[in-house]
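I have placed the structure first, in the form of structure tokens, so that the comments after it can refer back to it.
The values are calculated or read from the model by the stated rules, or taken from the named source; none is laboratory data. Worth saying up front: this structure is predicted, and the values here are computed from it rather than measured. A quick note on method: Cβ atoms are made from the backbone with ideal geometry, for glycine too, and the neighbour counts reach across all protein chains shown. Remember, those area values only see protein heavy atoms, side chains included, never the ligands or the DNA or RNA. Shrake-Rupley method; radii C 1.70, N 1.55, O 1.52, S 1.80 Å.
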Amino acid sequence: MVCGGFSCSRNCLCALNLLYTLVSLLLIGIAAWGIGFGLISSFRVVGVAIAVGIFLFLIALVGLIGAVKHHQVLLFFYMIILLVVFIIQFSVSCACLTLNKDQQSQLLEVGWNNTNSAKQDIERNLNCCGFRNDNKDGTCSATCIQTSHCSPCAPILEEYSGMVLRFVGGIGLFFSFTEILGVWLTYRYRNQKDPRANPSAFL
């Protein structure tokens, strides 16, 4: 049977949703591993990662059930949700890839000033204190504070921010194209006739 047939469309859609399921479980597992080993103490960051993982898992579950049962309503809602996620993810990915150095620096400073636990994680893992200036108020979590010779964190973060943003933007673009592929597969699959079904019952 050619790949444009009913079975091939269903199998491709199932494979795509299995990939989303694995990614969602990996995301949840990494977040749990990070907080379990003390690498991340910010429950907000972990909560966002787990929430995104659960959301992706539920979308994949809806897609799998809709594909296996050829359920028109589930496939419709799956297609709409996937299209919305594609638009948001594509926009964010493009923004990550187009930020210049000044915008990256401003974004880092805003993030630094609006979180406390993640700030302590960064100071501890990168062995630095403060963002632009050495933190002298005694709240620094880095080991270098014992020697009173700490570097600010901004230069270290800015050194890797471009690479991280390009990596995140590239991964986001890759998955956004798989999402638009999922929308196209779902649209085609919804309009294909199940050869096992009763012809008179097909709508």
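May I ask you to verify whether SER93 is under 28 Å from TYR20 (Cβ atoms), surrounded by 15 or more Cβ atoms within 10 Å (Cβ to Cβ), of a type in the set (Gly, Ala, Ser) and touching a residue at least 40 places away in the same chain (Cβ under 8 Å)?
It is true that SER93 is under 28 Å from TYR20 (Cβ atoms), surrounded by 15 or more Cβ atoms within 10 Å (Cβ to Cβ), of a type in the set (Gly, Ala, Ser) and touching a residue at least 40 places away in the same chain (Cβ under 8 Å).
Checking LEU22 against (1) modelled with pLDDT under 90; (2) open to solvent by 70 Å² or more (accessible area, probe 1.4 Å); (3) closer than 21 Å to PHE177 by Cβ, which single condition isn't satisfied?
(1)
Any residue at all in the stretch 140-152 that is of a type in the set (A, V, I, L, M) and open to solvent by less than 30 Å² (accessible area, probe 1.4 Å)?
Checked against the condition, which is being of a type in the set (A, V, I, L, M) and open to solvent by less than 30 Å² (accessible area, probe 1.4 Å), the stretch 140-152 yields at least one hit.
Every residue in the stretch 47-73 that is assigned to a helix (DSSP H, G or I), over 16 Å from VAL84 (Cβ atoms) and either open to solvent by 60 Å² or more (accessible area, probe 1.4 Å) or touching a strand residue (DSSP E or B) at 6+ places or on another chain (Cβ under 7 Å) (or both), please.
Passing the criteria: VAL48, ILE54, PHE57, LEU61, ILE65, VAL68, LYS69, GLN72, VAL73.
Please find, within the stretch 110-119, the residue that is farthest from VAL46 (Cα to Cα) out of those that are free of Cβ contacts under 8 Å to residues at least 60 places away in the same chain and surrounded by 15 or more Cβ atoms within 10 Å (Cβ to Cβ).
TRP112
Just name the residue that is nearest to PHE177 (Cα to Cα) out of those in the stretch 98-109 that are under 21 Å from the mean Cα position of the chain (by Cα) and open to solvent by 80 Å² or more (accessible area, probe 1.4 Å).
Going through the qualifying residues, I end up with THR98.
Restricting to the stretch 34-46, and then to whatever is β-branched (Val, Ile, Thr) and assigned to a helix (DSSP H, G or I), can you tell me which residue is modelled with the highest pLDDT?
VAL46
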